[in-house]
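Structure, as structure tokens:
Derivation of every value follows stated rules applied to the coordinates shown; laboratory data play no part. Being a predicted model, the structure only gives us computed values, none of them experimental. Quick reminder, even Gly has a Cβ in these numbers, built from the backbone with ideal geometry, and neighbours come from all protein chains shown.
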Amino acid sequence: MTRAAPDPEPARRARADSPLAGLDLLATAVVVLDREGCATYLNPSAEQLFEVSRRIVVGQPFARLFLDGAPIEGLMAGALSGEFEEKRTDLELERPGREPMLLLVTATVLDAGPGMLLIEFREHDKRWRVDREERLLDSAQANRELVRNLAHEIKNPLGGIRGAAQLLESELGSPGLREYTQVIIKEADRLQLLVDRLLAPHRHPHIVGDVNIHEVCERIRSLVLAEFPHGLAVRRDYDTSLPEFRGDREQLIQVVLNLVRNAAQSMNGRGEIILRTRIARQVTIAKHRWKLALDLHVIDNGPGVPEEIRDRIFFPLVSGREGGSGLGLTIAQTFVQQHGGLIECDSRPGRTDFRILLPLP
């Protein structure tokens, strides 16, 4: 006899009726532990911060999530012994296979409810990230306006220079003198191509359709591996539960291609690139709060972005590679911002991480 699948509605209603349900809306990570140190509740921000599922963690010793759970066990022991009712401290916690996190922790002893100790975790650099995001958005907008106006100002006289050089060439009888007019024409064409690239993000219409980000990543992976067939590994780390979303597929392909190709070129085609997709919850982008966002990372183990240009890599014509135009990241940032998102970069020798956040309405 076939057993009916359990109805999820009672569980959902139980969560909604919980006295802790309001904590689901907080941007900070909150975990509640019982007297044995087992998790009884995690809010969505805690799931995102520690990259775990509430269903798996609840009922398990929370300290076991970390390589060294002693700091959590110490907080639990202090709460049990009556050492504090509320305590603020700094903790460094590390999940297996992930970067250590420096966290500002507030632990509060609960008098009653579904647990004994409520712990709130804040990333130390969260305020810095918000300020940096605002600066990036403001500077990107200013740069776009500057570049667009400058490109338009250059475009018209450039056409006149080329036309005059062609007329002059037709009047010259000496092949030696025509060589000079050819130099003028070729340089005018080169500058025209540069101006066209500067204006490209503002010219093409925003064509919106359903986008599967993993199809985009797979296409980029094939293209880059064909371009760098020897010594380059492009590893997938996908969250297959990610939904499709509305966006301009061609623009997003160009964004990811620019990032992955830059990474491959920085390593001379030899190294490892990771394409990682995740869901981010309760994300603030450009002062707007989103329940869900696509969190896409392009990570490489190359030499890193040169320190002297690290704060300016999204500016037009700034490049860390000899012969680079310095437009790839500018175009990528423009396209992502047209989707209401943001690109961030965290780079040091041996690990560069470009993170794309796109809101999922």
Quiz item: Tally Lys/Arg at +1 and Asp/Glu at -1 over every other residue whose Cβ is under 14 Å from the Cβ of L360; what's the total?
Solution: +1
Practice problem: For the stretch 41-58, take each phi angle, set θ = phi - 60°, evaluate the Karplus expression 6.51 cos²θ - 1.76 cosθ + 1.60, and give the result in whole Hz per residue in order, putting x for glycine and proline. | Solution: 7, 9, 8, x, 5, 5, 4, 5, 4, 9, 6, 9, 9, 4, 4, 7, 7, 4
Practice problem: Quick one: dipole size for the stretch 216-361, taken about the Cα centre, charges +1 on Lys/Arg Cβ and -1 on Asp/Glu Cβ, in debye to the nearest 20. | Solution: 360 debye
Quiz prompt | L193-A70 FRET efficiency (beta carbon distance; Förster radius 41 Å; 0.05 resolution) | solution = 0.10
Quiz item: What shape does the stretch 9-124 have by the C-alpha gyration tensor, where a ≥ b ≥ c are the square roots of the eigenvalues, rounded means a/c under 1.5, and otherwise prolate means a/b greater than b/c and oblate the rest?
Solution: oblate
